[in-house]
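Everything on this sheet refers to the single structure shown next.
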Amino acid sequence: MGGYGDVRMIDENGLRMDGRKPGDVRPITIETGVVPVADGSCRMVWGTNEAIVAVYGPMEAHPRKIQRQDRAVIDVAYNMAPFSTTDRIRPGFNRRSREISKVTKDALESVVLLELYPRSKIRVSIEIVSAEAGTRCVGLTAASVALADAGIPMTDLIVSVASGKVNDVVVCDLNKEEDNYGEADLPMGVLPNSGELVFLQMDGNLSPEEFKQAWDYNVDAAMEVHKLMVKALKGGDN
Amino acid sequence: MNSRPVGQLDNMSNESNAGGPRDSRRTLVVVPGEDLGVSEGIEAGHGVLVVDDRIISTKQGRMSRKGNTISVDPLHTRYMPRPGDLVIGHIEGCTNNIWFIDIGAPFNSILPMSLGPAKVEFGGTRKVLDIGDSILCRVQEVEETHQSVVTMKGMGLRKIRSGALDELDPHLLGRLIGKGGAFLREMKMETDCRIVVADNGRLWIDGELSNILEVRRRINSISSEARVVGVDA
């Protein structure tokens, strides 16, 4: 949320810098089974974002102190590859990746039937290979596809989309410039079948009306993305 | 594991009739959260949940209906031990009187000294079965917490000393064995190999090296064919 200064990101026709209308989502490709050694995996390309997620487990939880007697634990590791952005990222965990790993874990815990696997662990590795904006949404969405691919029982898939405000206009699925110079960002995780919300963050300021508009954009986009996820899991081409 | 694509089965619940895709004549691939219809008069099998009088799929897999029971057979899954299963395990560790066995399940199994292959003195477990050895054993007991006990007391249960081990996803074993064991019998005859198929998806193949390689090639082809969604188990 750097503030936009004199940068114009919405033209006089209401189109954004990449030619999208305010409610449009970037093109998405979803592929499952991309990591042969993993129990389940997913590669998701969302605009210029690219995430590869591998799921292992359920397996015995080590060290034993992390085991829960009544349910499984999910271990999420979100990581951005050093080459994923124009500025090289120092390899390894940092404050941001820890935060995203935690919120992703919390969101996944609300859909996975953890009580079926007491004392075990499900490991989810999210690797961002190319980052533009909204990598936490891509990571979470791809993680839910990879979990389904691994045969882990879940009540629903999670679709995560971010909307925000740019030049006082609410837009859906922010790209890099809109994310950097825009005024607000609202990533959400939605369960498309039940309509429940499992993940919500907000950065910047939105009026109640703008918040409602961003919310609606996110829910509508989530339904569209869910169709692609279902198609990928059922074996259709996108 | 690895899988994919194919069939353009358009059975998304919102595009089919209001009752959900409950046509037992077709094998439908469903995804978690998909609505499979009203639950009245229907029993929920494995892989489904009843939420607000609707049946909801919890796994990605093929929906099947047997009588009044609807269940979802997952396309990929980890092996879950059941009592009586014949399994191939690897020794992962041991104490003075217990071996810890990896049977490919979420948890290691234990093999107590009393159920071992031979009479063992207290503290002499590694002399009989050492870490890294593979064994053919049977699941004796599974607790609610997934802890399982295996036994080597029984006909044909032994330490594996020759041949090769291979793995296949447990849900693909039906394809390897065939109807009434026909496909497996044919493979044994053609390759002149001894093939033991364990319920945890591990296979013990013993025979001439060239024949073992032929069996492994056929098993790999079953695996890769299965990556095509829509091919029936």
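The values are calculated or read from the model by the stated rules, or taken from the named source; none is laboratory data. No experiment lies behind these values; they were computed from the predicted model shown. Quick reminder, even Gly has a Cβ in these numbers, built from the backbone with ideal geometry, and neighbours come from all protein chains shown.
Among the criteria (1) within 30 Å of B:HIS171 (Cβ to Cβ); (2) assigned to a loop (DSSP other than H, G, I, E, B); (3) in contact with a strand residue (DSSP E or B) (Cβ under 8 Å, 6 or more places away or on another chain); (4) of a type outside the set (Ser, Thr, Tyr), the one B:ASP130 does not fulfil is (1). For the range A:87-106, which positions are under 21 Å from A:LEU147 (Cβ atoms) and acidic (Asp, Glu)? Within the range A:87-106, A:GLU99, A:ASP106 meet the criteria.
Considering the range B:134-149 alone, what residues qualify as being at pLDDT 90 or above and out of contact with any Phe, Trp or Tyr (no Cβ under 9 Å at 6 or more places or on another chain)? B:CYS137, B:ARG138, B:VAL139, B:GLN140, B:GLU141, B:VAL142, B:VAL149 - these are the residues of the range B:134-149 that are at pLDDT 90 or above and out of contact with any Phe, Trp or Tyr (no Cβ under 9 Å at 6 or more places or on another chain). Answer yes or no as to whether B:ILE110 is within 14 Å of chain A (Cβ to nearest Cβ), surrounded by 13 or more Cβ atoms within 10 Å (Cβ to Cβ), assigned to a strand (DSSP E or B) and in contact with a strand residue (DSSP E or B) (Cβ under 8 Å, 6 or more places away or on another chain). Criteria met by B:ILE110.
For the range A:99-138, the set of residues classified as surrounded by fewer than 14 Cβ atoms within 10 Å (Cβ to Cβ) and within 15 Å of the chain's Cα centre (by Cα) consists of A:GLU99, A:LYS102, listed by residue number.
The rows are residues; the columns are (1) more than 22 Å from the chain's Cα centre (by Cα); (2) modelled with pLDDT under 95.
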residue	(1), (2)
A:MET1	no, yes
A:GLY5	yes, yes
A:GLY14	yes, yes
A:LYS21	no, yes
A:ALA38	no, yes
A:GLU50	no, no
A:ALA61	yes, yes
A:ILE66	yes, yes
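Scanning the range A:100-153 for residues that are within 9 Å of chain B (Cβ to nearest Cβ) and of a type in the set (Ser, Thr, Tyr) gives A:TYR117, A:SER120, A:SER144.
Per the conditions (1) out of contact with any Asp or Glu (no Cβ under 8 Å at 6 or more places or on another chain); (2) within 14 Å of another protein chain (Cβ to nearest Cβ), the sole criterion not satisfied by A:ALA232 is (1).
Give me a count of the residues in the range B:172-185 that are out of contact with any strand residue (DSSP E or B) (no Cβ under 7 Å at 6 or more places or on another chain) and either buried (at least 16 other Cβ atoms within 10 Å of the Cβ) or of a type in the set (A, V, I, L, M, F, W, C) (or both).
Residues of the range B:172-185 out of contact with any strand residue (DSSP E or B) (no Cβ under 7 Å at 6 or more places or on another chain): B:172, B:174-175, B:178-183, B:185.
From what is left, the residues that are either buried (at least 16 other Cβ atoms within 10 Å of the Cβ) or of a type in the set (A, V, I, L, M, F, W, C) (or both) are B:172, B:175, B:182-183.
Residues that pass the stated criteria total 4.
For the residues A:LEU186, A:LEU200, the requirement of being free of Cβ contacts under 8 Å to residues at least 40 places away in the same chain, more than 20 Å from A:THR155 (Cβ to Cβ) and within 16 Å of the chain's Cα centre (by Cα) singles out A:LEU186. Selection within the range A:154-184: residues that are crowded, with 19+ Cβ neighbours inside 10 Å and polar (S, T, N, Q). The member of this set that is nearest to the other protein chains (Cβ to nearest Cβ) is A:THR155.
Taking the criterion of being within 23 Å of A:CYS137 (Cβ to Cβ) and touching a Pro at 6+ places or on another chain (Cβ under 6 Å), the only residue of the range A:52-87 that qualifies is A:PRO82.
Residues in the range A:19-51 that are within 14 Å of another protein chain (Cβ to nearest Cβ) and without any contact (Cβ under 8 Å) to a residue 60 or more places away in the chain: 4 in all.
If I filter the range B:160-172 for residues that are more than 30 Å from A:GLN67 (Cα to Cα) and within 14 Å of chain A (Cβ to nearest Cβ), do I get at least one hit? Checking the range B:160-172: at least one residue is more than 30 Å from A:GLN67 (Cα to Cα) and within 14 Å of chain A (Cβ to nearest Cβ).
Can you tell me which residue is nearest to the other protein chains (Cβ to nearest Cβ) among those in the range A:56-77 that are among the acidic types (Asp, Glu) and in contact with a helix residue (DSSP H, G or I) (Cβ under 9 Å, 6 or more places away or on another chain)?
Pass one, the range A:56-77, residues among the acidic types (Asp, Glu): A:60, A:70, A:75.
With in contact with a helix residue (DSSP H, G or I) (Cβ under 9 Å, 6 or more places away or on another chain) added as a condition, the list becomes A:70, A:75.
On the way: A:ASP70: 9, A:ASP75: 14 Å.
So the residue we want is A:ASP70.
Of the strands (runs of 3 or more DSSP E) lying entirely inside the range A:87-172, those containing at least 2 residues that are touching a Phe, Trp or Tyr at 6+ places or on another chain (Cβ under 9 Å) and over 25 Å from A:GLY195 (Cα atoms) span A:120-130.
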